[in-house]
Amino acid sequence: MREINGKTQICGLIGKPVEHTLSPVIHNYLAKSEGRNLVYVPFLVEDVKIKEAVEGAFALNMLGLNVTVPHKSSIMLHLKEVDKLAKDIGAVNTLVRMEEGYKGYNTDMPGLLRAMQSENIAIKGELVVILGAGGAARAVALMCAREGAEAVYLLNRSLEKAKAVAAEVNYIHGQSIITPMKVTDYKKLPQRKCLAIQATSVGLHPNVDDVIISDEDFYKKVHTGVDLIYNPYTTKFMKLVQGFGGQTMNGLKMLLYQGIIAYELWNKVTISEAVAQEILMKMKKELKIDG
Ligand code: NDP
């Protein structure tokens with residue numbers, strides 16, 4: 001345990017629930033390895049208390065906050081400023097202290113990008129299939145548009161939601177690159193190998209045998225499958241991709257890098273890949289994952 005003294009800075013996470021978060025593992029490890037006098041603490045905050053939480057944190061001189069479900073959109077109303085990318089994504093997961101209030105950022109999307117880069121998974125020129133049309137899928141769609149995917153198909157259970165997300169992202173990007181589809185229409189996808197990004201909650205613990213598309217023919221065309229879920233560590237979706245020789249990545253590195261980028265914003269530092277790997281080991285240990 002590091003010594004807490006009069007100079008200790010505080011960062012934290014606000015959300016509901018927060019008790020299973022891995023974020024303290026990331027930030028307290030970083031602070032320790034850098035020899036920085038900073039502690040990171042989770043705070044359970046009710047919907048109706050979000051304004052008070054932001055004001056209270058600022059009044060208490062807190063350096064920064066992470067924001068998780070269900071506050072990622074509603075918090076924007078209570079910030080001094082919101083970064084352009086976070087506005088485009090429609091979600092803030094990091095607050096950085098400024099002179100008169102907090103500025104909101106989104107580090108989820110840059111976190112996923114850094115995670116994919118660390119695994120040499122390219123987006124540029126790719127045919128990308130995104131499964132889902134929730135908050136995470138919307139950010140993934142914008143990332144794929146910005147990173148130069150050749151074409152992006154957004155497949156969702158509710159076609160209306162897929163249409164709305166595609167229209168919004170195409171408008172923000174200024175180019176019609178996202179095509180919405182109903183997930184059951186996956187057979188109509190172009191007959192080419194693709195990068196598939198699983199951004200639904202299907203397959204999440206404890207429903208580990210569930211998968212959004214079970215037809216093996218779909219997986220024959222997936223050269224790389226990214227699942228945003230990390231619990232279980234290898235999802236049914238990833239197992240199916242692997243079964244047909246595809247490369248896979250789960251969401252743990254996305255979680256890791258969104259945290260690292262937040263820490264970098266708070267402390268104006270750059271964290272090395274070697275330290276990132278050390279934290280990843282620590283997170284796996286916490287989740288009781290071997291290897
Ligand atoms: P949302 O609740 O916003 O969206 C959920 C999505 O899953 C929707 O597209 C929804 O479809 C779909 N879905 C849910 N249940 C079913 C079902 N039974 N059959 C078909 N589709 C279904 O969630 P988020 O976008 O915030 O998160 C999605 C996933 O990404 C979660 O598993 C979350 O844990 C993960 N995530 C991981 C992060 C990381 O750091 N690794 C960060 C953020 C998210 P419909 O619109 O039809 O309801």
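Throughout, read-outs are computed from the coordinates displayed, never taken from laboratory work. As the structure is a computational prediction, the values presented were derived from the model and not from experiment. Because the Cβ atoms are built from the backbone with ideal geometry, glycine has one as well, and the counts that use them run over all protein chains shown.
Annotations
- Region 103-173 and region 196-261 have Cα centres lying 15 Å from one another.
- Note: relative contact order over region 17-76, using C-alpha pairs below 8 Å and six or more positions apart, is 31 percent.
- Rounded FRET efficiency, nearest 0.05, which uses the C-beta distance separating GLU160 from LYS285 and R0 of 30 Å: 0.10
- The mean sequence separation of alpha-carbon pairs under 8 Å and at least six residues apart, normalised by the residue count of the chain, gives a relative contact order of 15 percent.
- Per residue, the average separation of C-alpha pairs within less than 8 Å and at least 6 apart gives region 59-165 a relative contact order of 20 percent.
- Partner lysines for LYS7 [C-alpha distance under 16 Å; skip if fewer than 8 residues away on the same chain]: LYS32
- In terms of packing, defined here as the mean over residues of other Cβ atoms within 10 angstrom, the peptides 111-120, 227-236, 194-203 line up highest first as 194-203, 227-236, 111-120.
- Structure-based [θ]222 nm, the chain - -39500 (n - 2.57) summed over DSSP H runs of at least 4, per residue, nearest 500: -11000 deg cm²/dmol
- Mean Cβ neighbour count within 10 Å, used as a protection proxy, ranking 157-164, 129-136 highest first: 129-136, 157-164
- Extension gain (nm, one decimal) between THR8 and LYS84, 0.36 nm per residue minus Cα-Cα: 24.3 nm
- Long pairs among LYS49/LYS253; LYS182/LYS282; LYS72/LYS284; LYS193/LYS239; LYS103/LYS285; LYS72/LYS253, criterion Cα-Cα beyond 28 Å: LYS49/LYS253; LYS182/LYS282; LYS103/LYS285
- Cβ charges +1 (Lys, Arg) and -1 (Asp, Glu), total dipole of region 1-103, debye: 180 debye
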